[in-house]
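Trainee: After the structure tokens below, expect a handful of questions from me.
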Amino acid sequence: MASSYTFSTWTSNGSICASKASKNNAEFICNYPNGNFRPTIHSMTTSASADISLSWISSNEKEINWKGGKSSLKNGVKCSALDFETKPSFFKGNKFHFEDVIEAQQFDRDTLSAIFDVALEMEKIEKNSAGSQILKGYLMATLFYEPSTRTRLSFESAMKRLGGEVLTTENAREFSSAAKGETLEDTIRTVEGYSDIIVMRHFESGAAKRAAVTASIPVINAGDGPGQHPSQALLDIYTIQREIGKLDGINVGLVGDLANGRTVRSLAYLLAKYEDVKIYFVSPEVVKMKDDIKDYLTSRGIEWEESADLKEVASKCDVVYQTRIQRERFGERTDLYEEARGKYIVDLDVLNVMQKHAVVMHPLPRLDEITVDVDVDPRAAYFRQAKNGLYIRMALLKLLLLGW
Amino acid sequence: MASSYTFSTWTSNGSICASKASKNNAEFICNYPNGNFRPTIHSMTTSASADISLSWISSNEKEINWKGGKSSLKNGVKCSALDFETKPSFFKGNKFHFEDVIEAQQFDRDTLSAIFDVALEMEKIEKNSAGSQILKGYLMATLFYEPSTRTRLSFESAMKRLGGEVLTTENAREFSSAAKGETLEDTIRTVEGYSDIIVMRHFESGAAKRAAVTASIPVINAGDGPGQHPSQALLDIYTIQREIGKLDGINVGLVGDLANGRTVRSLAYLLAKYEDVKIYFVSPEVVKMKDDIKDYLTSRGIEWEESADLKEVASKCDVVYQTRIQRERFGERTDLYEEARGKYIVDLDVLNVMQKHAVVMHPLPRLDEITVDVDVDPRAAYFRQAKNGLYIRMALLKLLLLGW
Amino acid sequence: MASSYTFSTWTSNGSICASKASKNNAEFICNYPNGNFRPTIHSMTTSASADISLSWISSNEKEINWKGGKSSLKNGVKCSALDFETKPSFFKGNKFHFEDVIEAQQFDRDTLSAIFDVALEMEKIEKNSAGSQILKGYLMATLFYEPSTRTRLSFESAMKRLGGEVLTTENAREFSSAAKGETLEDTIRTVEGYSDIIVMRHFESGAAKRAAVTASIPVINAGDGPGQHPSQALLDIYTIQREIGKLDGINVGLVGDLANGRTVRSLAYLLAKYEDVKIYFVSPEVVKMKDDIKDYLTSRGIEWEESADLKEVASKCDVVYQTRIQRERFGERTDLYEEARGKYIVDLDVLNVMQKHAVVMHPLPRLDEITVDVDVDPRAAYFRQAKNGLYIRMALLKLLLLGW
């Protein structure tokens, strides 16, 4: 995608970017709040972008740097510092204002609601309709460094539902096997040569951003270790919108393993973007929600409360979001695990105190933290939630490859 | 596919079904030979079907129950007791009268021969002809809990030869990995959200039926442990029809491991549906055909005979069906294994006594129970037999997704 | 593809072939330089080809024999001795004069340059253009007996970029698992029933040829153990052509593990087909280029020289081809490994002495034998080289399935 060599000079937000370029050489200067930089790109090949980012780096310039680098391969050299400040436009045909999906926090309210509109369109696509072919000719690589069949199938289904094709690998570790020891960056530079978009699952926090820095094609983070899993966070919030009809002024109960659950942490983070939300934390002592999230919510003026009474909370909530207690977190202490695990179960008793319009959600897989007799109740939303993951992923693929 | 909420009252075969339903609630009564049942479906979500089947169960009601449950999700509530009694119609455009393919025994003679006609059409489909695109837009999930590359490739080739797309997983166990422990039912409810049909291979007998109970989309059993492998049984009988030209009045020799061979047992079962068939069992003492099959054949008036003389049998048979002696069945007793294994080999000597029109079949893989010098003989049908598996699977996919 | 039973008699290059055939029987005599043979094909099934090749064999007749065998299944019985002597024709629409791609040496200069022309066309194919659909309806099976994600993704991308479909297996060993013990030949006969072309990776040298002998569809060798990996060799030489603009009269430095590197050995072999080439070997003592290659080069009048001074060599070369020192070759002697590994690194110092038009190549993956700061230099060609693999593989698939 290093095909477009248009360069421009422009002023925006008081910053000035100037650049000129020949086929194999481009220079630019960029003034931005944290100071100036003047990298020189000796070549317009993919690798170039990554390597300017390596050649001069500083924690907070990184963001700007690699975005700049990447942009230089696409539509002229830009500072993404400016990108982030420019207001998004959601009109059909407009470019999606992100080149990658790395973390849920990168989206503001307006963008989220615009993405949800696209996801809703995706639900309506009929077999063999024109809509089902919009990604025809596009190739998605699922680069999974650890298996996650559920997530992989969801992304691959999304791509194929839009007429796209898929290159699958669930043993991406083999790229960098002991004997070989290839870096993630080198692997990305190879795979980007074969595909149009990369969906990556990795065991290391931050790996997705490293991949995005390197790649000249879009990268979607499908989970990087304890880090982010943005498409999961988006489908959770989308499901609340779909089921409850609003995101402002709702009561949400987060139940189960709040200390280790990546999904509940991201969800709490995203809910803070909305007005008049109240969050209840219901969890065993050993796996309580951590202070960083509590402080963040407080700083954003979001009301929250801890409770030990699931039924009492359930009766007040629009959404009861149950999660699995993860045995692996307890090591030897299986006694603590068993105790924690049995403490807060969503069963018919809990269901009976819930309001008629309320829903039970769960990121899946579930063990017995929700009893199966709950499944038949229309308020059991967790399988519809899983299905929504398909529409959200269709939307993200469409937006990254085709724009609005 | 839980979209259609039409309900009706009807009389058929002296049974009466009455039902009424609101969007989220349906009731029905159903009289059938074995008595009455009145399940209540609290919700029209997919899971409902599974849960009525859990809520009341008895060995012989099961069949009816889950069929009933599933039907309720599709075109109104029905008793499959009636389904099974109503005569099938094989006219083009008619719905296939099964929602799943779970075991070979579910098909009667008429249905089998109608399926074979479709398989024959499949053989004639040309590259890039209209026929090669009939499943365009459909997505098949191959949900394999144990690897079976041969079977998986055959199904995936079948789907793609018809223009369909595939989601592959050969590590489906990962869904329910120790750490996670998801039930098969939950996995199915997730996967059915991503695909239009599920082809499942499982290590547990009965797993395919459990999946079919749960799924609101068609399920094909691609082998469930020691249980069934219907598409294999169908391709065997189809191959006999293709090679010999008839299924009535034939002599079939079943050779090798008759005690443990899933294929020979299913084949014997299916052959019993035809007239004037004679079956010869030729096997080492330790792996003789079991009495249940012998008794069944007798009860159906099928002549059968045990013999220790392979050549003598081969000279009389239209089909010599050789199977592999499975070492794993003998545990420590490798001496017994070696003895059993060497006893009945199909070689040129056996071939030379066979009639000109007769054929040698084998489910593959083979070790040395058929010598390679036999391969070049036109009567060696086993690779054509493997190829027929492709056409049978194309036919099943076509029928389940599009009907006759 | 064993459908055509046309037989003919013809004279060519002073050799005479005569044959007659009935549906199930064919005979032929064939005179060629190394003597006569008169195999009899008892049957026109695929297996026939394999089995004549088993029935009479001798090192240098093998080539002719199995080619003859295979031809007999396609367009009449031929001697490939003649095939090899007949001049290839590269006109559009003509049949590619090879049925398989087994080793780089099978291609002469003219054929290589014609293949490179096709690869160049492949680079120009636009998304959703007519060109991107030329393999629509074709099915490629990637039969990998050992994982090689890089090579597999490259081939699968190539197939899909041309509108073709893919059947993937990275656990082909499962076909012949201990319990089962199926031969490679039987596996091939099964897989050829499901697909139109087989791309095979195997752990045994010679396996690709065995597969080609058996298969009635094209086979591409994607690496067979220490043996051949022709598409890699082709992409290397294609990259030199693309980057330097010529293959005659160039200086090439082969650096690193020259004793074990399959790629450098094949490259040296192919370079010998060109005029006025000079090759420099730069490697640690323990992994020097072996005499067989040196002798071959000498016999072909190719100048070569060993040197211990990488910078001095780099300054004279058009191409510096760096390779990874493979730890696994040193066993316990990690001291030797560490010494060998650190000895010849391509870094900015080396780069600075290189000519402006010269390039650095590497088969990838790389460890630190090329420092990352080299990546941004336009002369760093290794990621473009990887991308060229895509175009070469597209070309091979197109040629084998559609011809010129």
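Trainee: Taking the Cβ-Cβ separation of A:K290 and A:D335 as r and a Förster radius of 22 Å, what is the calculated FRET efficiency to the nearest 0.05?
Mentor: Calculated value: 0.45.
Trainee: Just the ratio, please: alpha-carbon radius of gyration of the range B:328-404 over 2.2 N^0.38 Å, N its number of residues.
Mentor: 1.50
Trainee: Just grab the label-to-label distance for A:Q105 and B:K246, each label 7 Å out from Cα along the Cβ direction, in nm (one decimal).
Mentor: 7.9 nm
Trainee: Further question: What percentage of all Cα-Cα pairs in the range C:229-279 are separated by more than 12 Å?
Mentor: 62 percent
Trainee: What's the extension gain from A:D309 to A:E126 if we count 0.36 nm per residue and subtract their Cα-Cα distance?
Mentor: Separation in residues times 0.36 nm, less the Cα-Cα distance, equals 61.4 nm.
Trainee: Ordered shortest first, which distances in nm separate the 7 Å Cα→C-beta label point of A:G331 from those of the other copies?
Mentor: Nearest first, the other copies' label points are 4.1, 4.1 nm away.
Trainee: Right, another one. Provide a whole-number value for the mean count of partner chain Cβ atoms within 10 Å of the Cβ atoms in peptide A:377-388.
Mentor: For this peptide, the per-residue mean of nearby foreign Cβ atoms is 4.
Trainee: Rounded, prolate or oblate: which one fits the range C:149-196, using the alpha carbon gyration tensor with axes a ≥ b ≥ c (rounded when a/c is under 1.5, else prolate when a/b beats b/c, else oblate)?
Mentor: Because a/c hits 1.5 or more and a/b fails to exceed b/c, the range C:149-196 counts as oblate.
Trainee: Okay, moving on. Could you tell me which of the pairs A:K387/B:K180; B:K127/C:K209; B:K127/B:K209; C:K136/C:K180; A:K387/B:K387 are separated by over 31 angstrom between their Cα atoms in the structure shown?
Mentor: Pairs exceeding 31 Å: B:K127/B:K209; C:K136/C:K180; A:K387/B:K387.
Trainee: Which whole-angstrom value gives the distance between the alpha carbon centres of the range C:186-200 and the range A:261-318?
Mentor: Going from one Cα centre to the other spans 56 Å.
Trainee: Over the range B:146-240, how many percent of alpha carbon pairs lie in each 5 Å bin up to the one with the longest distance?
Mentor: Bins of 5 Å from zero give 2, 12, 22, 27, 21, 10, 3, 1, 0, 0 percent of pairs.
Trainee: Highest first, please rank the peptides B:202-212, A:379-389 by the mean number of other Cβ atoms sitting within 10 Å of their residues.
Mentor: My ranking of the peptides, most packed first, is A:379-389, B:202-212.
Trainee: Hey, for C:N171 with labels 7 Å out along Cα-Cβ, what do the inter-copy distances come to in nm, ordered shortest first?
Mentor: Reported distances to equivalent positions: 0.9, 0.9 nm.
Trainee: How about the range C:254-336: which GluC sites (Glu not before Pro) there are in a DSSP loop, with at most 14 other Cβ atoms within 10 Å of their Cβ?
Mentor: When the GluC sites (Glu not before Pro) of the range C:254-336 are filtered for loop state and at most 14 Cβ neighbours within 10 Å, C:E275, C:E332 remain.
Trainee: How far is the Cα center of the range A:116-182 from the Cα center of the range B:202-234, in Å?
Mentor: Cα centres, the range A:116-182 to the range B:202-234: 27 Å.
Trainee: Over the whole of B:327-334, what's the average partner chain Cβ count within 10 Å per residue? Rounded to a whole number, please.
Mentor: Average per residue, whole number: 1.
Trainee: In nm to one decimal, list the spacings between the B:D295 label point and its equivalents in the other copies, with label points set 7 Å along Cα to Cβ, shortest first.
Mentor: 7.4, 7.4
Trainee: Right, next: Can you give me the Rg/Rh ratio for the range B:291-353, using Cα atoms for both radii and the Kirkwood formula for Rh?
Mentor: So for the range B:291-353, dividing Rg by the Kirkwood Rh gives 1.04.
Trainee: Near C:A308, within a Cβ-to-Cβ distance under 10 Å, what is the net charge of the other residues, with Lys and Arg +1 and Asp and Glu -1?
Mentor: Charge balance in the 10 Å sphere: -3.
Trainee: In A, who owns the beta-carbon nearest the axis carrying A over to C, and how many Å from it?
Mentor: A:T168, 4
Trainee: Continuing with this model, one more query. Once Lys and Arg get +1 and Asp and Glu get -1 on their Cβ, which of C:I125, C:M140, C:A114 lies farthest toward the positive end of the dipole of the range C:97-148?
Mentor: Ranked along the dipole, the leading option is C:I125.
Trainee: Additional query: Provide a whole-number value for the mean count of partner chain Cβ atoms within 10 Å of the Cβ atoms in peptide B:140-152.
Mentor: 3
Trainee: Only four residue types carry charge here, +1 at the Cβ of Lys and Arg and -1 at the Cβ of Asp and Glu. Report the dipole size of the range B:196-335 about the Cα centre in Debye, rounded to the nearest 20.
Mentor: 360 debye
Rule-based calculations on the coordinates, nothing more; no lab input. As the structure is a prediction and not an experimental result, all values here were calculated from the model. When we count neighbours, we look across all protein chains shown, and the Cβ atoms used for this are built from the backbone with ideal geometry, even at glycine.
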